[in-house]
1. For a quick check of your reading of the model, give me the residue pairs whose first member lies in the range 184-202 and is within 24 Å of residue 244 (Cα to Cα), whose second is of a type in the set (A, V, I, L, M), with beta-carbon atoms closer than 7 Å and at least 6 apart or on different chains.
2. Can you confirm whether residue 396 is assigned to a strand (DSSP E or B) and either on the phi < 0 side of the Ramachandran plot or in the same structural domain as residue 294 (by TED's automatic domain parsing) (or both)?
3. Residue 259 fails exactly one of the following numbered conditions: (1) more than 24 Å from residue 113 (Cα to Cα); (2) assigned by TED's automatic domain parsing to the domain that holds residue 132. What is the number of that condition?
4. Is it the case that residue 351 is under 16 Å from the mean Cα position of the chain (by Cα) and hydroxyl-bearing (Ser, Thr, Tyr)?
5. Given the condition buried (at least 17 other Cβ atoms within 10 Å of the Cβ), of a type in the set (A, V, I, L, M, F, W, C) and over 20 Å from the mean Cα position of the chain (by Cα), answer yes or no: does some residue in the range 317-330 qualify?
6. Do we have any residue at all in the range 204-215 that's part of a loop (DSSP other than H, G, I, E, B), touching a helix residue (DSSP H, G or I) at 6+ places or on another chain (Cβ under 8 Å), outside the structural domain of residue 368 (by TED's automatic domain parsing) and of a type in the set (S, T, N, Q)?
7. When you look at residue 342, is it within 19 Å of the chain's Cα centre (by Cα) and β-branched (Val, Ile, Thr), yes or no?
8. Determine which member of the set 71, 126, 120 is in contact (Cβ under 8 Å) with a residue 40 or more places away in the chain and either among the aromatic types (Phe, Trp, Tyr) or in contact with a strand residue (DSSP E or B) (Cβ under 8 Å, 6 or more places away or on another chain) (or both).
Amino acid sequence: MRASRFVAATLVVGAIALTAGVALALPPAPIEAFESAQACGCHAEFVEQWSTSMHAQAVTDPLYQYKLRKGNEQTGGTIGPFCETCHSPAAAMFGELGQDEYSPVAMEGVTCDVCHQVTGHTEPIGNTSLVWTPDGVKRGPHDDAVSPAHATAYSEIHTSAEICGSCHDVRHPGNDLLLEGTYTEWKNGPYAAEGILCQDCHMTPGPGVTKPNPGRSAAGAPEREHIYIMTFVGGNAGLGDPILAEERLRAAAAIELTAPKVTEPGQRVPVTVRITNVGAGHYLPTGLTDVRRMWLELIAVGPDGQAIEIGRREFHTVFHDAEGNSPAEIWFAVGVESDDRIPPRESVENTWDVTMPEGPLELKATLYYRSAPEEMAKAAGVEIPTTTMTEAAATVFTSDTEAAVSESAPGIARGDDNTTLLVTAVLAAVVLLAAIGAGLVWKFRNTS
């Protein structure tokens with residue numbers, strides 16, 4: 001087993017070495033060809049937005065660095081240059097890949113000049129399929145842009161999803177297996193058919209498509225009907241902007257919980273949970289989906305207050321290696337063992353059942369998300385929060401009478417102590433008033 005594993009690993013490493021030229025095909029450029037983001041003073045607001053993004057942390061991200069170290073250890077250092085080219089194209093063009101330290105601009109990852117000196121792309125889209133012309137001309141989506149600080153030019157690729165897809169589709173350099181398919185998921189889905197670009201969701205305020213977004217591209221620039229912002233918000237609430245990331249995560253999915261309103265004690269209660277991808281133009285989750293975690297939990301709470309899990313479903317990708325072992329690390333992956341994720345505007349559904357107790361049954365379905373598993377985050381030395389994306393609840397009663405009582409005095413069946421005390425006090429007051437009334441009637445009769 002160990003020997004065959006070694007042979008398989010050797011074959012994969014050899015394949016990576018043979019095809020590593022794909023990742024190293026970027027044209028050489030002198031260090032002075034790319035400016036630091038800090039030099040973009042006329043675009044201070046954009047620089048501030050970018051600085052909190054994962055683009056700014058493409059090199060320094062502890063989760064990426066952890067996987068990079070692990071990959072290099074297991075492939076003899078051959079996988080590193082492939083990964084590094086997307087995470088720092090400037091380092092690739094500077095000839096710095098594989099070095100212990102990058103130059104300051106290369107350390108900025110996907111920095112301003114990395115995007116704004118792009119002039120096109122090659123085919124197929126993915127694996128850093130961009131074309132750069134690092135001549136100092138800043139390129140973007142406006143055909144009338146003028147700057148006193150540098151030359152400007154209109155760029156068609158800056159108005160397309162391909163500028164994003166060139167790094168957000170990643171295929172294995174040895175066997176062409178799609179490891180990250182965010183661009184492909186979008187391209188084959190309804191958002192692309194409707195002309196909704198990556199930028200329309202990830203470079204505009206708020207979740208979903210936000211247009212127009214009036215503003216200025218630079219200090220002193222003309223007011224425009226629409227400008228894109230540089231937040232590039234995704235689902236990373238641990239390392240990116242947590243408020244913006246959680247806002248988008250909570251708008252990405254909708255959940256429906258269906259159960260009978262009344263079931264007799266001892267009978268089985270069927271519970272159906274339906275999750276719909278309502279807010280993402282790609283699959284949920286997307287990106288490096290053997291690492292990303294999205295999962296559903298269905299919890300039941302009986303009259304005793306004890307919570308039990310009656311259903312669970314995980315949404316991520318599992319790869320297998322050449323020997324059929326799974327899960328496999330992406331550098332050893334040759335195929336997909338399973339891929340349980342939700343395409344845009346599609347739904348998945350599960351039905352579980354639970355035995356009805358001698359009292360009301362509370363049901364709660366919750367969809368959670370994490371950028372990485374807890375054990376990986378711990379190994380990388382970073383804290384990654386669990387975000388509640390969406391949730392739904394329902395109550396099953398043992399009789400119509402119990403349901404009616406609960407509806408007339410909400411909170412009792414749900415164990416709400418404050419409401420229960422309030423209702424109890426009201427009932428006691430009613431009883432007291434009734435007693436007083438009865439006493440007055442008795443007194444009147446006996447004195448007349």
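The values are calculated or read from the model by the stated rules, or taken from the named source; none is laboratory data. Since we're looking at a predicted model, the values are computed, not measured. Cβ: placed from backbone, ideal geometry, glycine included. Neighbour counts: every protein chain shown.
1. Hits for this filter: 186/161; 186/192; 196/209; 197/161; 198/161; 200/209; 201/209; 202/233.
2. Working: assigned to a strand (DSSP E or B): yes; either on the phi < 0 side of the Ramachandran plot or in the same structural domain as residue 294 (by TED's automatic domain parsing) (or both): yes.
Yes.
3. It fails just one condition, (2).
4. On the way: under 16 Å from the mean Cα position of the chain (by Cα): no; hydroxyl-bearing (Ser, Thr, Tyr): yes.
No, not satisfied.
5. For the range 317-330, residues buried (at least 17 other Cβ atoms within 10 Å of the Cβ), of a type in the set (A, V, I, L, M, F, W, C) and over 20 Å from the mean Cα position of the chain (by Cα): present.
6. Step one: list which residues in the range 204-215 are part of a loop (DSSP other than H, G, I, E, B), which gives 204-214.
Okay, now just the ones that are also touching a helix residue (DSSP H, G or I) at 6+ places or on another chain (Cβ under 8 Å), so 206-211.
In the following step, the residues that additionally are outside the structural domain of residue 368 (by TED's automatic domain parsing) were identified as 206-211.
When the remaining residues are screened for being of a type in the set (S, T, N, Q), the result is 210.
Yes, the range 204-215 has at least one match.
7. Values: within 19 Å of the chain's Cα centre (by Cα): yes; β-branched (Val, Ile, Thr): yes.
So residue 342 fits the description; yes.
8. Numbers: 71 fails: either among the aromatic types (Phe, Trp, Tyr) or in contact with a strand residue (DSSP E or B) (Cβ under 8 Å, 6 or more places away or on another chain) (or both); 120 fails: in contact (Cβ under 8 Å) with a residue 40 or more places away in the chain.
Within the list 71, 126, 120, the selection yields 126.
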